[in-house]
Amino acid sequence: MNQNKVRVRFAPSPTGYLHVGGLRTALYNYLFARKNNGVFILRIEDTDRNRYVEGAVENLIATLRWAGLDYDEGPHKGGDYGPYFQSERLEIYRKYAEQLLSEGTAYRCFCASERLEKMRKTQEKMKLSSKYDRTCLHLPESEIEKKLIDGDPYVIRMKIPENRIIKFYDIIRQDVEFSSELIDDQVLIKSDGYPTYHLANVVDDHLMKITHVIRGEEWLSSVPKHILLYEYFGWEVPNLAHLPLLLNPDKSKLSKRQGDVAVEDYKAKGYLKEALVNFVAFLGWNPGTTQELFDLNQLIEQFSLERVNKAGAVFNIEKLNWLNFEHLRKKTEAEVLNMLKDYLSQTEYKNLQLDDAYLLKVIEAMRARVTFIKDFVEKGKYFFEPPIIYDEEIVNKRWREETPEQLKRLSEFFSGLTNPTKEDYEVALHKTAQSLNIGNGKLIHAVRLAVSGVGGGPGLYDILNILGKDESIKRIENAINRIKL
RNA sequence: GGCGCUAUCGUCUAAGGGUUAGGACACCGCCCUCUCAAGGCGGUAAUACGGGUUCGAAUCCCGUUAGCGCUACCA
């Protein structure tokens, strides 16, 4: 059956940036579509003119593309069910609203928002659920005519039937039911002529032949209204899957106040898309195996809505960092080289003429020690410039009165070497230590401090080999002159 | 307040009537080692609470509690 072709949509409203929760919603839709040879649609829900943000759509699309989530139908791409901006579909919503109006399942409401607010407050005081009091439902036809002629602003509300239990099945939450008594006569068309989410999403999902609605849990309470709308129109309700929310460490809904929520923030901080995608995929889903590291294709292969959890998940940055470390390690040397060069070009070292061979050696030496590309520079600063300061703690620990004299001997030995290899440095150091009658460690730690300024890092001989003979000697002599006890 | 959803280590989660409740991150220890990492090995740590059902419950049912969501002419 052709109508079983899976079609899903990610339908964000363009409010400025892509929320990581939005990224996960988009990802699950994408994975579900790809897994089922379906179609992934991007639809822009820009029906709130008050929240319009310049450039938000372009940013959204660029961020999705960065994450690797390419859509099949949507802005700039077209498709048979456009337009894909809701703001360009106003006549469509209008037409369907008129239909409900004429069928009596919707009605015009001329109530001022001030009155509605008052009403709501009263209801709240009486501990009732807040619902429109249906004043305008009972307006005589003549009065409606008059108000229309007068040009009074109005909204169109849907009429919720009384005494109905609305049941539905959610792929993630199974059976859910609501009583229609608690449902408000929802506004479908605002007084500015724009539709509300509820009308627009039902109409579009139907017209765009969406088979599975995969979205955040915050929409669960609205489903009964949508079901009723499908029923009024005589349309089939798509399959529903309401995703658990992403939470702050204190379990509140993930928000800006407690850290970064925009995908762009993570991108700017140097997180790899592979890591971020892998991470958000696991917030609320798991493959049922012990595999933790996934690329996009593997996620597609193994994803299923049935394995999505019901409970909200805390966004745990530690694990994301670990995933970034792992995904960075999986990159080829050439890929890391490109990323490093790109990063360097944005730093104070952009004019340093470093050849690829040199950078490749740095990469090899630092790989097991970096979580982010920027760590190559932040943790291996000494590969890009001589130490400016020497870690005080390490000086106290490794530098002795006799150290300068010992290093002098060593640097003299180094001077006599021609084109030394890593092993040559090692032999030279061993021999010097022997002639000084001290342990190798004494020299090793002092040299490390002298050439790097810090106490940690790759093996000393690797560092010397990367820096080269002349630079190493220069740095040792520098340290002898500059480190004072 | 009303309605809905949810509830396993600190965090992400596995286990869908019978397990010493498993894995991962983080943390701690040991090994490796010139340091810092990485890696290997090991460890601390959980079924919110109370009732049922059952020979047997993390798992099924009910209640309580807590958290979250919705309760707009926002999505």
### Query
Among rounded, prolate and oblate, which fits region A:242-333 when a ≥ b ≥ c are the square roots of the eigenvalues of its C-alpha gyration tensor, a/c under 1.5 means rounded, and a/b larger than b/c means prolate?
oblate
### Message
Shape verdict for region A:1-81, please, from the Cα gyration tensor: rounded (a/c under 1.5), prolate (a/b greater than b/c) or oblate.
### Response
prolate
### Message
Test of the criteria: in region A:217-281, which trypsin sites (Lys or Arg not before Pro) are in a DSSP loop and have at most 16 other Cβ atoms within 10 angstrom of their Cβ?
### Response
A:Lys251, A:Lys269
### Summary
With x for Gly and Pro, the residue-by-residue ³J(HN,Hα) of region A:218-225, computed from phi through the Karplus equation 6.51 cos²θ - 1.76 cosθ + 1.60 at θ = phi - 60° and given in whole Hz, is 4, 8, 4, 5, 8, 3, x, 4
### Task
Kindly provide the Kirkwood hydrodynamic radius of region A:362-420 in Å, to one decimal, from all pairs of distinct alpha carbon atoms.
14.2
### Task
Would you mind checking A:Lys350/A:Lys474; A:Lys95/A:Lys190; A:Lys341/A:Lys381; A:Lys5/A:Lys209; A:Lys408/A:Lys484 for any pair whose Cα atoms are more than 18 angstrom apart?
A:Lys350/A:Lys474
### Query
If you project the alpha carbons of region A:386-482 onto the principal axes, what extent comes out on each, in Å, largest first?
33, 28, 22
### Query
Which value in Å does the Kirkwood hydrodynamic radius of region A:84-197 take, with 1/r averaged over all unlike C-alpha pairs and then inverted?
16.0
### Query
By its C-alpha gyration tensor, with a ≥ b ≥ c as the square roots of the eigenvalues, how is chain A shaped: rounded for a/c under 1.5, else prolate for a/b larger than b/c, else oblate?
prolate
### Message
Please report the carbon-and-sulfur percent of the accessible area for chain A; probe 1.4 Å, protein heavy atoms only, DNA, RNA and ligands left out.
### Response
48
#### Entry: DSSP-loop chymotrypsin sites (Phe, Trp or Tyr not before Pro) across region A:200-237, with at most 14 other Cβ within 10 angstrom
A:Trp235
### Task
Could you tell me which Cys residues in chain A have no other cysteine's Cβ under 4.7 Å from their own Cβ, answering none if every one has a partner?
A:Cys111
#### Entry: Cleavage-rule hits, GluC sites (Glu not before Pro), region A:265-321, DSSP coil, Cβ neighbours within 10 Å at most 14
A:Glu292
### Solvent exposure, largest accessible area first (probe 1.4 Å, DNA, RNA and ligands not counted), of A:His445, A:His226
A:His445, A:His226
### Message
Can you compute 3J(HN,Hα) from phi for each residue in region A:108-123, using the Karplus curve 6.51 cos²θ - 1.76 cosθ + 1.60 with θ = phi - 60°, rounded to whole Hz and x for Gly and Pro?
### Response
7, 10, 9, 4, 6, 5, 5, 5, 4, 5, 4, 4, 4, 5, 4, 4
### Query
In vacuo Debye scattering of region A:430-485, one point per C-alpha: log10 I(q)/I(0) at q = 0.14, 0.16, 0.20, 0.22 Å⁻¹?
-0.37, -0.48, -0.76, -0.90
### Query
What fraction of the DSSP beta bridges in chain A is antiparallel, stated in percent and rounded to the nearest 5?
55
### Task
For n ≥ 4 DSSP H runs only, could you compute -39500 (n - 2.57) per run for chain A, divide by its residues and tell me the 222 nm figure to the nearest 500?
-14000 deg cm²/dmol
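The values are calculated or read from the model by the stated rules, or taken from the named source; none is laboratory data. These numbers come from a predicted model, not from an experiment. Ideal geometry is used to build each Cβ from the backbone, glycine not excepted, and the neighbour counts take in all protein chains shown. These accessible areas exclude ligands, DNA and RNA; they are computed on the full protein's heavy atoms, side chains included. Shrake-Rupley method; radii C 1.70, N 1.55, O 1.52, S 1.80 Å.
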